Amino acid sequence: MDQFALDALERITTRPQEPYRTFALAPLTPVLGAEISGLDLTKELTSEQEEEVKRAFLAHHVLVFRDQHLAPEDHKRFAALFGPLHPVALPAEDSDPYILEISADSKSREVAGNGWHADGTADIEPSLGSMLHITRIPETGSGGDTMFANMHLAYDLLSPALRTFLDSLTALHDGARPWQLAGQTPPAEYDVPRTEHPVVVRHPETSRKLLFVNAPYTSRITQLSAAESTALLDLLHAHVAGTPLLHCRVRWQPNTLVFWDNRCVQHHAIWDYYPHSRYGRRIAIDGTRPRA
Ligand code: SIN
């Protein structure tokens with residue numbers, strides 16, 4: 001590994017970790033994700049528990065809570081600790097406007113999130129994060145894992161010269177693109193978002209830099225020719241997908257809740273369980289405009 005990459009890794013893995021008093025925390029990898037045990041999310045958290053969950057979220061970016069028998073109101077109450085709830089982009093008729101059902105079975109021909117992406121980055125203000133509560137896992141007892149990638153580290157592992165170049169760029173994110181890639185057109189009622197964001201942004205709470213492009217939404221690096229933009233975006237997407245060091249993988253059990261920071265991780269829902277079924281509910285939280 002190059003020295004700059006070793007330095008980046010060392011910065012993360014030797015960070016001082018203050019202990020948690022109100023729950024136990026087990027990291028999923030040294031660079032991404034942690035499982036928290038000892039909290040019951042059906043109950044209101046104490047202010048100390050809330051402060052510690054927020055600290056763990058900023059440190060690990062993906063938090064896993066097992067055995068959470070949550071009603072939709074519990075799920076919403078926990079999500080609301082982090083900010084106003086983010087409405088679902090195209091809610092189904094008569095559905096709760098803040099709950100996205102994640103559902104797949106033998107009739108499915110595609111599933112949500114089956115590829116590396118961040119959520120809704122064509123919006124001016126993409127969501128802060130999402131909480132997915134899976135209640136049904138495939139009947140086989142395995143499959144349907146979700147992978148996550150640390151986009152701070154994705155940036156840090158690039159050479160200093162490429163990082164400096166990327167720092168100067170912006171890119172268009174196009175809400176029609178995921179539909180087009182799937183061979184579809186967006187529904188007429190969808191007010192398609194299109195926004196230009198910096199290619200490298202800072203996390204609004206920690207100020208750490210991160211790479212902010214993703215394959216389904218980022219259509220073009222504004223300052224480059226079409227061919228250059230495609231080549232550079234292909235390189236960056238291949239870097240995210242092809243660097244296992246950036247990743248953690250969550251294996252779901254019924255009643256697992258996972259909360260990820262959409263500002264600094266990408267995720268990939270693995271559809272390896274067809275024709276079996278999987279079901280859960282996702283609630284997102286409002287974010288802010290990404291800034292360089
Ligand atoms: C998504 O939010 O993209 C789906 C995640 C999942 O089903 O694991």
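No lab work stands behind these numbers, since they all come straight from the coordinates. These figures come from a predicted structure and were not determined experimentally. Note: ideal-geometry Cβ built from the backbone for every residue, glycine included; neighbour counts use all protein chains shown.
Throw me the Rg/Rh for the range 3-285, computed over C-alpha atoms with Kirkwood Rh, two decimals. Could you put the intermediate results ahead of the total?
Values: Rg = 18.7 Å, Rh = 19.7 Å.
Taking Rh as the inverse mean 1/r over Cα pairs, Rg/Rh reads 0.95.
Provide the packing ranking of 31-38, 148-155, 5-12, i.e. peptides ordered by the mean count of other C-beta atoms within 10 Å per residue, highest first.
Taking the mean over residues of other Cβ atoms within 10 Å, the ranking is 148-155, 31-38, 5-12.
Please compute the modelled spin-label separation between residue 249 and residue 71, points set 7 Å along Cα→Cβ, answer in nm with one decimal.
The two pseudo-label positions are separated by 3.7 nm.
Compute the relative contact order of the chain as a whole-number percentage, counting only Cα pairs closer than 8 Å that sit 6 or more residues apart in sequence.
Averaging sequence separation for qualifying contacts and normalising by length gives 33 percent for the chain.
Going highest first, how would you order 47-54, 119-126 by mean Cβ packing within 10 Å?
119-126, 47-54
Under a point-charge model restricted to the Cβ atoms of Lys and Arg (+1) and Asp and Glu (-1), what is the dipole moment magnitude of the range 3-285 relative to its Cα centre, in debye to the nearest 20?
520 debye
Could you tally up the Lys pairs in the chain with alpha carbons closer than 20 Å? Skip any pair fewer than 8 positions apart unless they're on separate chains.
4
How high is the FRET efficiency from residue 226 to residue 114, r the C-beta distance, R0 35 Å, rounded to 0.05?
0.85
Label points 7 Å out from Cα along the Cβ direction at residue 286 and residue 161: separation in nm?
In this crude spin-label approximation the distance works out to 4.5 nm.
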